[in-house]
């Protein structure tokens, strides 16, 4: 899994990551969604494939070069997966 996300070595969690993730998930969720969905919409218009568009939107954060953005993307993805699992159960 480390190779998949391009993480060179295990490292401690960025000390303000939980605060940033909470801020993004709850306080700034609308802005985040607008940027994420507009990127997915642009990809959908160009490719015509909704699955590719969704993967592109998620990958834009998870595979970013910046470690903080990558951490926020992974934490956001995990939170979204947990929400989806909770809704379906």
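Taking the criterion of being exposed (fewer than 11 other Cβ atoms within 10 Å of the Cβ), closer than 18 Å to residue 75 by Cβ and modelled with pLDDT of 75 or more, the residues of region 14-59 that qualify are 15, 16, 19.
Against the list (1) without any contact (Cβ under 8 Å) to a residue 12 or more places away in the chain; (2) under 9 Å from the mean Cα position of the chain (by Cα), the condition residue 60 fails is (1).
The values are calculated or read from the model by the stated rules, or taken from the named source; none is laboratory data. Keep in mind that this is a model prediction, so the values were computed, not measured. Backbone-built Cβ (ideal geometry, glycine too); neighbour counts: all protein chains shown.
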